[in-house]
1. Which of the DSSP-defined H helices in the chain satisfy a minimum axial length of 20 Å, computed from C-alpha atoms, and a minimum mean Kyte-Doolittle hydropathy of 1.0?
2. Could you give the size of the charge dipole of the range 51-234 about its Cα centre, using +1 on the Cβ of each K and R and -1 on the Cβ of each D and E, expressed in debye and rounded to the nearest 20?
3. Taking the chain as the region of interest, what is the percent of Cα-Cα pairs per 10 angstrom bin, listed from the shortest bin to the one with the maximum distance?
4. Which of the listed residues, PRO191, ALA11, ALA162, is farthest toward the dipole's positive end in the chain, when Lys, Arg count +1 and Asp, Glu count -1 at the beta-carbon?
5. For a Förster distance of 25 Å, can you work out the FRET efficiency between the beta-carbons of ASP7 and ALA29, rounded to the nearest 0.05?
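Computed from the coordinates by the stated procedures, all read-outs in this text should not be read as laboratory data. Quantities reported herein were computed from a predicted structural model and do not represent experimental measurements. Counting neighbours? That spans all protein chains shown, and the Cβs are built from the backbone with ideal geometry, glycine included.
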Amino acid sequence: MVVPFYDVYVAQEEQMLQFIESYPPEFLAFFGGMAAINTPAGFLNSQLTTLPVVFGIFAVLAGSALLARDEESGRLDLILAHPVSRLALFGGRLAAFVAANIAILTVCWLGFCIPLSGSSMDVSWGQMALPFVSTFAVVLVFGTIALLLSMVLSSRRRAAAAAGAVMVAGFFLSGMANLNADLKPIARALPYEYFQGGYAISGLNLVWFGGLMAVSALFAALAGWRFQRRDIRVGGEGNLGLARPAFLSRLRRASL
């Protein structure tokens, strides 16, 4: 419905601008302002602001459950009893997680592209893909944060909650930084600040994209390293605090 609504907006631009100007300036500033909303890039940006949060919910839930769900249900022990290494299991599930995110974003991208043929929005299919490429890079960071935390914290619920807090904090801090410049350094430390939104149709920021992908790779590598070197938990959701390190578990068994 976003692309067809652009034609409605263009046809009633004067009335729509008057309606937008009736909002408090602080509200408009939170979402980056509406100065360029009469352009395809500005219009798309106003509609795609929450995209990383919407798709980030799936990424956080799936990332935190990638291995921890089977571990908490007791299935992971049975899976690892087969002739498959931890590294192969981790790599396969991580690849499936990445593919699932790409598939979901591809479906959404097609939903935006198909109506373009009947719209006055002068945007190609390739240009329309760029905001979703930017979204993918951001949500992948959220997902790998959740994956890493699921290897450190005592349950996937705590991992999902912590990663979700990072995601939501990034969204609000990025908006608040438009009102208070003192918050800008904090916002820049969080992934959402590097989401280009609709402005990506004018060109993808490869530095931002590469940086986000590198951070995701780092978090995934740390999660894989942790998974290979830790004991499989058996208490799952009932445990409090951090998951017990492997050497503490070995010391406890040796003392029995």
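1. 51-65, 86-113, 125-150, 206-228
2. On the way: 13 positive and 8 negative charges, 110 e Å.
Computed charge dipole of the range 51-234: roughly 520 debye.
3. 7, 26, 28, 20, 11, 5, 1, 0
4. My answer, from the dipole projection, is ALA162.
5. On the way: r = 27 Å, r/R0 = 1.09.
Once rounded, the FRET efficiency stands at 0.35.
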